[in-house]
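Chemist: Have a look at this one before I ask anything.
The values are calculated or read from the model by the stated rules, or taken from the named source; none is laboratory data. Keep in mind it's a predicted model, so treat the numbers as computed, not measured. Methodologically, a virtual Cβ is constructed for each residue, glycine included, from the backbone with ideal geometry; neighbour enumeration extends over all protein chains shown.
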Amino acid sequence: MAQAPIYLDNQATTPLAPEVFDAMIPWLRDNFGNPHSAHILGRKASAAVEHARAQVLALLPDDGQLLFTGSATEAINTGFGILETLKFPSRNKIILLETEHAAVRDTAAAYEKKGFRVAYHPVKSDGIVSLEQLDRVIDEHTALVAAMLVNNEIGAVQPIEAIAALAHEKGALMLCDIVQGYGRVSIPDNIDIAAISAHKIYGPKAIGALWYRNGLSMPPMIHGGGQEQGLRSGTLSPALCVGFGQAAELCVHRSRKDTAHIQALYDKASHCFSNWTINGSTDHRYCGNLNIMRTDIDVARLMSEVRDVAFSAGSACASGSGRPSHVLAALGLDRAQIRSSIRLGFGRYNSEDDIERAANSINQAVEAQLG
Ligand code: PLP
């Protein structure tokens, strides 16, 4: 049987933690009750869902509600619904960073069709926003400011607390995509709306969550039986909720260990890829990400030649859409530079040996291309 490739694409998704798998099994095999049923089986399932909710909430600010969704994308779409409750048209402006994920960009674009104005705010060449510049564009017409905590392509960590403070000064709300930061870096206390996804923290796919500050209310995204505070009707999967909760709790328990491990992998990778240029900030960066460029290489060819490493091209969005990366373009890279960039994402289950073997494979293929 062919050997599994070395997995260095932990921003796209993460493997399921064995502890998460074990926790989910009884909810797939034995405990089939509907968590919304009033009898004993339902109450048991409901208790498991509520325990999971508390586990996920433990990593989030104290004064908020958590709604389980099918993905972070769904959570972001639901969160944007807050716009329908604000004073439109006097507050009709949405500001988002140019480097936001498609889930935020495309949802904002949908609101543009409903009459909102969308301002895509630039970042500096290191991928970090200038607070002075941002302060100049947030005004009394701004309804929502959206900025992500950790960028999925370049790992840049934005000054979210300061951005939220600027938004609040002008009476705007702050939506933060914390998908790549949750469970890894601390979550600022002053955000209003946040989206997370279990499969980025060694949990199962097809479950995410929307967090929102107490006192905010948004229209339902999915109508029906009124589950999840009436905002997202449909029967929850206790197995997915339990898996999400267990994954979140593991992040808490393993926090120090994971952080030290990821730093060691980053140091090793920085050494192994020292003749590449790093895209994005090295000071304000989540170390599980290394986005690097080697001028004159053809990354599409590199990816087809290097079969033993699963990594991502910098030239295409993580979604595999094939569109040139809007994130690298926002840093000022030209098309050729974007086409010569790759993203390596390290995680809990990688070893330093993985990094060394992957680097040998990738660097050899690069030298063959250039030589
Ligand atoms: N936001 C960021 C930063 C992401 O990396 C992703 C996943 O790629 C998403 C949102 C969407 O998450 P999901 O797959 O749960 O919809």
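Chemist: For Leu173, only one of the following conditions fails: (1) farther than 28 Å from Leu83 by Cβ; (2) touching an Asp or Glu at 6+ places or on another chain (Cβ under 6 Å). What is its number?
Modeler: All conditions pass for Leu173, except number (1).
Chemist: Please find, among Ala167, Ala247, the residue that is surrounded by 24 or more Cβ atoms within 10 Å (Cβ to Cβ), more than 16 Å from the ligand (Cβ to nearest atom) and of a type in the set (A, V, I, L, M, F, W, C).
Modeler: Ala167
Chemist: Restricting attention to segment 127-136, does a residue exist that is touching a helix residue (DSSP H, G or I) at 6+ places or on another chain (Cβ under 6 Å) and charged (D, E, K, R)?
Modeler: Yes; the residues of segment 127-136 include at least one that is touching a helix residue (DSSP H, G or I) at 6+ places or on another chain (Cβ under 6 Å) and charged (D, E, K, R).
Chemist: Could I ask something else about it? Conditions: (1) over 21 Å from Thr14 (Cα atoms); (2) free of Cβ contacts under 8 Å to residues at least 60 places away in the same chain; (3) away from the ligand (no atom under 16 Å from the Cβ); (4) among the hydrophobic types (A, V, I, L, M, F, W, C). Ala260 meets all but one. Number of the miss?
Modeler: Failing condition for Ala260: (1).
Chemist: Also: Being modelled with pLDDT of 95 or more, within 19 Å of Lys200 (Cα to Cα), more than 14 Å from the ligand (Cβ to nearest atom) and not small (Gly, Ala, Ser) narrows it down to one of Val56, Val49, Val20, so name that one.
Modeler: Details: Val56 fails: more than 14 Å from the ligand (Cβ to nearest atom); Val49 fails: within 19 Å of Lys200 (Cα to Cα).
The unique qualifying residue is Val20.
Chemist: Within segment 37-48, can you find the residues that are surrounded by fewer than 20 Cβ atoms within 10 Å (Cβ to Cβ) and aliphatic (A, V, I, L, M)?
Modeler: As a first pass, look at segment 37-48 and keep what is surrounded by fewer than 20 Cβ atoms within 10 Å (Cβ to Cβ): 37-44, 46-47.
Across segment 37-48, the qualifying residues are Ala38, Ile40, Leu41, Ala47.
Chemist: With within 19 Å of Trp27 (Cα to Cα) and of a type in the set (Ser, Thr, Tyr) as the only criterion, which of Ser217, Ser197, Ser237, Ser233 stands out?
Modeler: Working: Ser217 fails: within 19 Å of Trp27 (Cα to Cα); Ser197 fails: within 19 Å of Trp27 (Cα to Cα); Ser233 fails: within 19 Å of Trp27 (Cα to Cα).
It is Ser237.
Chemist: So, of the residues in segment 170-181 that are of a type outside the set (S, T, N, Q) and within 21 Å of Leu344 (Cβ to Cβ), which turns out to be farthest from the ligand (Cβ to nearest atom)? Before you say what the answer is, go through the steps one by one.
Modeler: Step one: of segment 170-181, the residues of a type outside the set (S, T, N, Q) are 170-179, 181.
Remaining after also requiring within 21 Å of Leu344 (Cβ to Cβ): 179, 181.
Working: Val179: 4, Gly181: 9 Å.
Result: Gly181.
Chemist: Still on this structure: Can you tell me how many residues within segment 72-95 are in contact with a Lys or Arg (Cβ under 8 Å, 6 or more places away or on another chain), in a loop (DSSP other than H, G, I, E, B) and either of a type in the set (Gly, Ala, Ser) or within 16 Å of the ligand (Cβ to nearest atom) (or both)?
Modeler: Within segment 72-95, residues that are in contact with a Lys or Arg (Cβ under 8 Å, 6 or more places away or on another chain), in a loop (DSSP other than H, G, I, E, B) and either of a type in the set (Gly, Ala, Ser) or within 16 Å of the ligand (Cβ to nearest atom) (or both) number 0.
Chemist: So, one more: State the number of residues belonging to segment 189-205 that are near the ligand (Cβ under 8 Å from one of its atoms) and surrounded by fewer than 23 Cβ atoms within 10 Å (Cβ to Cβ).
Modeler: Residues meeting the conditions: 2.
Chemist: Going by what's in this entry, would Glu132 be described as in a helix (DSSP H, G or I) and more than 13 Å from the ligand (Cβ to nearest atom)? Show your work before the answer.
Modeler: On the way: in a helix (DSSP H, G or I): yes; more than 13 Å from the ligand (Cβ to nearest atom): yes.
The answer is yes for Glu132.
Chemist: Separate question: Return the pairs, sorted by first residue and then second, in which the second residue is among the aromatic types (Phe, Trp, Tyr) and within 14 Å of the ligand (Cβ to nearest atom), the first residue lies in segment 199-217 and is closer than 15 Å to Ala75 by Cα, the beta carbons are less than 8 Å apart, and the residues are 6+ apart or on different chains.
Modeler: Taking only residues 6 or more apart or on different chains, the pairs are Lys200/Tyr182; Ile207/Phe68; Ile207/Phe244; Gly208/Phe68; Ala209/Phe68; Ala209/Phe244.
Chemist: Just to be sure, is Arg339 under 24 Å from the mean Cα position of the chain (by Cα) and at pLDDT below 95?
Modeler: yes
Chemist: Inside segment 7-59, can you point out the residues that are in contact with a Leu (Cβ under 7 Å, 6 or more places away or on another chain) and among the acidic types (Asp, Glu)?
Modeler: The answer is Glu19, and nothing else.
Chemist: In segment 225-257, how many are within 18 Å of Lys44 (Cβ to Cβ) and either of a type in the set (Gly, Ala, Ser) or part of a loop (DSSP other than H, G, I, E, B) (or both)?
Modeler: Within segment 225-257, residues that are within 18 Å of Lys44 (Cβ to Cβ) and either of a type in the set (Gly, Ala, Ser) or part of a loop (DSSP other than H, G, I, E, B) (or both) number 7.
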